[in-house]
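Novice: What follows is a structure written as structure tokens; I'll ask about it next.
The values are calculated or read from the model by the stated rules, or taken from the named source; none is laboratory data. Not measured: the values here are computed from a predicted model. No Cβ is skipped: glycine too gets one built from the backbone with ideal geometry, and neighbour counts run over all protein chains shown. Heavy atoms of the whole protein, side chains included, go into the accessibility calculation; ligands, DNA and RNA do not. Shrake-Rupley method; radii C 1.70, N 1.55, O 1.52, S 1.80 Å.
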Amino acid sequence: MCQHQPPCPTADSADREAALLVAHHPEQGWSLLCNGVLLFEDTGELLPNGRIIAPHRPLAADRVMRAA
């Protein structure tokens, strides 16, 4: 799908979120990346093969557990 040089990361790669935006709809809470990944506002993803990636937001600093 990607025609950029260098090409965007594939939907299967770990850095898939670095692909360029093709469509951005913040009012609906999603964006389409060049590699076919649907990226949702809550950081969840839908890959082109139908696989779902659960939201993976970092924890807020006040909620991080620290070892004593």
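Novice: Does GLN5 meet the test of being at pLDDT below 95 and open to solvent by 50 Å² or more (accessible area, probe 1.4 Å)?
Specialist: Yes: the conditions hold for GLN5.
Novice: Are any residues in the stretch 19-32 assigned to a loop (DSSP other than H, G, I, E, B) and open to solvent by 50 Å² or more (accessible area, probe 1.4 Å), and if so, which ones?
Specialist: LEU20, PRO26, GLU27, GLN28
Residue-wise test of (1) among the charged types (D, E, K, R); (2) closer than 20 Å to ARG57 by Cβ; (3) out of contact with any strand residue (DSSP E or B) (no Cβ under 6 Å at 6 or more places or on another chain); (4) surrounded by 13 or more Cβ atoms within 10 Å (Cβ to Cβ).
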{"position": "PRO9", "(1), (2), (3), (4)": "no, no, yes, yes"}
{"position": "GLU17", "(1), (2), (3), (4)": "yes, yes, yes, yes"}
{"position": "CYS34", "(1), (2), (3), (4)": "no, no, no, yes"}
{"position": "ASP42", "(1), (2), (3), (4)": "yes, yes, yes, no"}
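Novice: May I pose another question? Restricting attention to the stretch 44-53, and to residues there that are open to solvent by less than 30 Å² (accessible area, probe 1.4 Å) and either in contact (Cβ under 8 Å) with a residue 24 or more places away in the chain or of a type in the set (Val, Ile, Thr) (or both), which single residue is farthest from PRO6 (Cα to Cα)?
Specialist: Out of the qualifying residues, it is ILE53.
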